[in-house]
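> Have a look at the structure that comes next, please.
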Amino acid sequence: MKKLVNNNLKTRKDMEIYCDNAATTALDPEVLNAMIPYLTNQYGNASSNHIFGRKAKEAVEESRLTVAKLFNVSPNDIFFTSGATEANNLAIAGAVRTFEVQHAITSRIEHKAVLQTLGQFSQEGELEVSFVQLDTKGNIDFEHLENLLKYNPQTLVSLMHVNNEIGNINDIRQIGYLVKKYDGLFHTDTTQSIGKYKFDISLLNVDYLVGSAHKFHGPKGVGFIYIDKYKRVKPHTYGGAQERGTRGGTENVAGIVGLAKALEVAYRGLEEYRNHIAYLKSYLIEQLKNSPIPDISFNGASESETASSYNIVNVAFPHLRKGGPLLDKLDKLDIAVSGGSACSNLTSAGSHVLKALQQNLDKDNIRFSFSKFNTPYEIKVIIDTIRAIYEEDRLPKNVTPLATPLLATA
Ligand code: PMP
């Protein structure tokens, strides 16, 4: 009978399930269509003074206008980059080098693109970095933030909107208000929320805000940064005069067109996608809570409908008694989820976010992140698979398990 359960688990093999959309998303076919001309016959260099170049330039500027309109800012404030890592670097390095900022405030659960950049300046003795206190769910202690600001005027504050591992949402409007009260600079990493939440940047008191197309069904290798017109920074890469001299290098025309189209599509269908994805998240949470798997809990605020993004949930599962990490078992069954961020998979250090929260470090922590392309059926398959894995795992060696009929259903 043990074999039967294994067979049932094996039947899953005919279907790959992707629930790692905080790492990256599938390219939307509409986005691909918009990009194709710029990958084929419209291949001009946007800086060239001929028909091919002018068409490419036109496409870049139209895309800039689309992005700017969606966020209610001037197109002059939007600069295209290779992604959010570069945009975060540009903001932080730019603020330090242009405004001679000597102190920064951040939190220990920021993305590595922020923490490592700040850390580098700190190591080089150019910047002192303070960390705002967080509670065990990852919520910012605003009183502590205000105290830090009070004693460190003209600080650079770098705090993200949505956390990529646990989905926590920071109130960036409130942070912006505090930063300006104490005459600081505000950089926010909005990589996980662009395309998922509406932004009117003009109301936000933010100086630098970033996005990356591949997180909202656009192509990889292209992103943008919004830079407030009074907080322009020294060039980030030296070379040509592209991006008004702030970021030299031939523009990724097809990527930029794809980024703008992906944003347009994301905001056009925002309500519908949001309802669909939020349903998937709540369905997974409810089913896990009602499952016989013992000791399940949720990391950060990810169980909450309001304090956490509607597309991310981070679950702490008990270790399996045999057979290694749950993540590996799911991977073998072609269920793609994550143990943390894709970037932290490149190191053996584990999740710096969960470590900072001192939460569930001795658990199998799994991040599920959904997109508009996921279906309730996929979530059902995930839940049934996890249940079957634990049922099999928890049985004493000599007891034969019942087959799990759920797995066999179509
Ligand atoms: N910040 C956050 C919050 C992210 O989730 C990511 C992607 N993992 C990045 C920055 C880096 O983005 P990119 O892949 O565009 O460099």
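> How large is the convex hull of the Cα atoms of the stretch 29-268 per residue, expressed in Å³ as a whole number? Please report the intermediate quantities before stating the final value.
Values: hull volume 26.6 nm³, N = 240.
Spelled out: Cα convex hull of the stretch 29-268, divided by residues, is 111 Å³.
> I would also like to ask the following. To two decimal places, what compactness ratio does the stretch 119-233 give when its Cα radius of gyration is scaled by 2.2 N^0.38 Å?
1.09
> Taking a cut-off of 21 Å, what percent of all Cα-Cα pairs in the stretch 48-190 are separated by more than that?
49
> Are there any chymotrypsin sites (Phe, Trp or Tyr not before Pro) in the stretch 98-197 that are in a DSSP loop and have at most 13 other Cβ atoms within 10 Å? List them by number.
Those that pass, being in a loop and sparsely packed, number zero.
> Tell me the mean residue ellipticity at 222 nm calculated for the chain from its helices only (DSSP H runs of n ≥ 4, each -39500 (n - 2.57), averaged over every residue, nearest 500).
The per-residue figure over the chain is -12500 deg cm²/dmol.
> Okay, moving on. Which of K329/K363; K322/K372; K112/K196; K137/K329 have a Cα-Cα distance over 26 Å?
K322/K372; K137/K329
> Then there's this: Could you look at the chain and say what percent of its accessible area is carbon and sulfur, using a 1.4 Å probe and all protein chains?
Percent of accessible area from carbon and sulfur atoms in the chain: 52.
> I'm a student and want to see the number: the projected area of the Cα convex hull of the chain, averaged over all directions, in nm².
Averaged projected hull area, Cα only: 20.8 nm².
> Compute the long axis of helix 2-11 from its Cα atoms, compare it with the longest principal axis of the Cα atoms of the chain, and write down the angle in degrees, 0 to 90, nearest 10.
Helix 2-11 and the main axis of the chain meet at about 30 degrees.
> Here's another thing I want to ask about it. Go through the stretch 310-316 residue by residue and turn each phi into a ³J(HN,Hα) via Karplus (6.51, -1.76, 1.60, θ = phi - 60°); whole Hz please, and just put x for glycine and proline.
6, 10, 10, 9, 10, 10, 9
> Something else about it: Would you look at the GNM of the chain, springs on alpha carbons closer than 10 Å, and say which of I285, I78, I51 moves the most?
I51
> Using +1 at the C-beta of Lys and Arg and -1 at the C-beta of Asp and Glu, which of G221, T40, Y182 has the Cα lying farthest in the positive direction of the dipole of the chain?
T40
> Going by alpha carbons, how many degrees (0 to 90, nearest 10) lie between the helix axis of 253-268 and the longest principal axis of the chain?
Relative to the chain, helix 253-268 is tipped by roughly 60 degrees.
> Further question on the same structure: What is the gain in length, in nm to one decimal, between E62 and E271 on full extension, counting 0.36 nm per residue of separation less the C-alpha to C-alpha distance?
Length gained between E62 and E271: 72.7 nm.
> With angles folded into 0 to 90 degrees, how steeply does helix 270-289 sit against the dominant principal axis of the chain? Use alpha carbons for both and round to 10.
Helix 270-289 and the main axis of the chain meet at about 40 degrees.
> Give me the 1.4 Å probe accessible area per residue for the chain, excluding ligands and nucleic acids, in Å².
That works out to 44 Å² for each residue.
> Next up: Mind checking which of S369, S309, S47 has the largest fluctuation in a GNM of the chain, springs on alpha carbons under 10 Å?
Maximum among the listed residues: S47.
The values are calculated or read from the model by the stated rules, or taken from the named source; none is laboratory data. Please read these numbers as outputs of a predicted model, since none were measured by experiment. Cβ sites come from the backbone with ideal geometry, for glycine too, and all protein chains shown count toward neighbours. The accessibility values were calculated without ligands, DNA or RNA, using every heavy atom of the protein model including side chains. Shrake-Rupley method; radii C 1.70, N 1.55, O 1.52, S 1.80 Å.
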